[in-house]
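The values are calculated or read from the model by the stated rules, or taken from the named source; none is laboratory data. For clarity, every value in this text was computed on a predicted model and none was experimentally measured. Heads up, the Cβs are rebuilt from the backbone with ideal geometry, glycines too, and the neighbour counts pull from every protein chain shown. Heavy atoms of the whole protein, side chains included, go into the accessibility calculation; ligands, DNA and RNA do not. Shrake-Rupley method; radii C 1.70, N 1.55, O 1.52, S 1.80 Å.
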Amino acid sequence: MEFKEVVGRRRSIRYFQSWRQVEREKIQVMLEAARLASCAVNATFLKAVVVVRDQLDHDTLEALKTPVSGLNIELAPVHIYTYADMGAYVGAQGRLKKLVDVGALNATHGWSHKFVDDFVWPNILKPLADGATQASVAGAAASDAGIAICQAMLAAVDEGLGVCLSAFVHEPIAKIVNPPKDWLPLWVLLVGYPAESWEAGGQRPRPPMEEQFFEGKYGNGFKPDPKVTEQLKAAKMIQAPAPLPWRKDEIKALARMFGLPE
Ligand SMILES: Cc1cc2nc3c(=O)[nH]c(=O)nc-3n(C[C@H](O)[C@H](O)[C@H](O)COP(=O)(O)O)c2cc1C
C-alpha cells in the first residue's frame, strides 16, 4: 500500500477477530517499524513487551481492563505493552558519538566527539540522566515513544491488521512482564485482524486544520489549499468521514455476533 493510503486507512479498531492469532512475522514488522523511528539523542525511550492474550490467565486479563478499554483488551489477541524507559538518557553520550562516527552528525553542524564530551554531555545529557529535569525527560520520552508507536501502528495497517492504542491497569501485567523500575507504563497497543470492516465507519472527526495548526503565529490558522486536499483524496489519505451510512447496522451486527449490548 502507498504511504498516504496507509495513513488514511488507519483508525482505531475496537472489534477484533478475537479467535484469530496474528502471525509473529507481522508483529516483527511492527516492531521493526518502531525500532527505526527517530529518537531523541538516539536514546530509544520506547520499550515494549509483546504478550499473547490467550497466555494471560483469566484473573490477570480481567484486572488489566479499564472502563475505557476493557472490551478492546478482551477482543485483541495480541497486546503490546509500551513503556518509556526513563533511564534511556544514560549512555546517550556513546550513542551520539556513534552518530558522529557514521556521518549522521557532522563537523558541518559543529559535531565531534569533543563537542559531545565537552558540551552536549555536561550541559544537556548529564542533567537529564541525573533526573534533574524530569519534565524534560518526560517530554522527550513521550514524543520518542509516540513516534515509534505510531510507526508500528502504520506498519500494522499496511500488514492488513487493526490496531488500537488503549489504557491499561499497570500492576497486573507488571507481575507478568516484570518491567524494570525506571520503565514508565504508557499504553497497550492492541493488535488483531479487524472484525469490523477496515473502514470502521469512516475517518473519525478532527478539528479543521486551521484550528489545530498555525502559520507564522498562533491565531493565524494554516489554511489548506483545496487542490492539495483533492490530491490527498485521490491518494486515499483523506477518506470518507464517519459515519458511513451503514455504520449503525454494522455495529448492530457486531453486537449480535459478540453478544454485546446494543
Ligand atoms: C495515547 C492514546 C490513548 C488512547 N486510549 C484509548 C483507550 O483507552 N480506549 C479506546 O477505546 N481508545 C483509545 N485511544 C484511541 C482514541 O480514542 C482514538 O484515537 C480516537 O477515537 C480517534 O479515532 P482514530 O484513532 O480512529 O482516528 C487512544 C489513542 C491514543 C493516541
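Top to bottom by accessible area (1.4 Å), largest first, where do Cys164, Cys150 land?
On the way: Cys164 5, Cys150 60 Å².
Final ranking, largest accessible area leading: Cys150, Cys164.
The GNM of the chain, with springs linking C-alpha atoms under 10 angstrom apart, assigns the highest mean-square fluctuation among Phe213, Phe45, Phe115 to Phe213.
Stretching Asn178 away from Lys233 to a fully extended chain increases their span by 15.3 nm, per 0.36 nm per residue minus the current alpha-carbon distance. Neighbours of Ala88, meaning other residues whose beta-carbon lies under 13 angstrom from its beta-carbon, give a summed charge of -1 when Lys and Arg score +1 and Asp and Glu score -1.
One chain, two ends: Met1 and Leu99. Fully extended at 0.36 nm per residue, the span grows by 32.1 nm beyond their Cα-Cα distance.
Backbone geometry of the range 146-159 corresponds, through the Karplus equation with coefficients 6.51, -1.76 and 1.60 at θ = phi - 60°, to 3J(HN,Hα) couplings of x, 5, 5, 4, 4, 4, 5, 5, 5, 4, 4, 4, 4, 8 Hz, x marking Gly and Pro. Net length available on complete extension from Ser197 to Ala240 is 14.1 nm, with 0.36 nm assigned per residue and the Cα-Cα distance removed. For Lys126, Lys175, the ranking by accessible surface with the largest value first comes to Lys175, Lys126, using a 1.4 Å probe.
Between Cys150 and Glu262, the modelled label-to-label distance comes to 3.9 nm, taking each label 7 Å out from Cα in the direction of the beta carbon.
Which whole-number value in Å² is the accessible area per residue of the range 3-195, probe 1.4 Å? Write out the running numbers ahead of the final one.
On the way: 9450 Å² over 193 residues.
Each residue of the range 3-195 exposes 49 Å² on average to a 1.4 Å probe.
Using the average count of surrounding beta-carbon atoms within 10 Å as a protection proxy, the listed peptides 234-242, 80-88, 252-260 rank, highest first, as 80-88, 234-242, 252-260. Solvent-accessible area of the chain (1.4 angstrom probe, protein heavy atoms only): carbon and sulfur portion equals 58 percent.
A simple spin-label model places the labels of Ser136 and Lys114 2.4 nm from each other, with each point 7 Å out along Cα-to-Cβ. Close amide-amide hydrogen proximity is noted between Ala195 and Tyr15, Phe16, Gln17, each under 5 Å apart and 5 or more residues distant or on a separate chain (H modeled in the peptide plane; Pro and chain starts excluded). Relative contact order of the chain: 31 percent, from C-alpha pairs under 8 Å at least 6 residues apart in sequence.
Which value at 222 nm does the chain reach when only helices count, each DSSP H run of 4 or more adding -39,500 (n - 2.57), with the total divided by all residues and rounded to the nearest 500 deg cm²/dmol?
Working: 11 runs with 104 residues, N = 262.
Using -39500 (n - 2.57) per qualifying helix, the result is -11500 deg cm²/dmol.
Given a 1.4 Å probe and the protein chains as shown, Ile27 ends up with an accessible area of around 10 Å².
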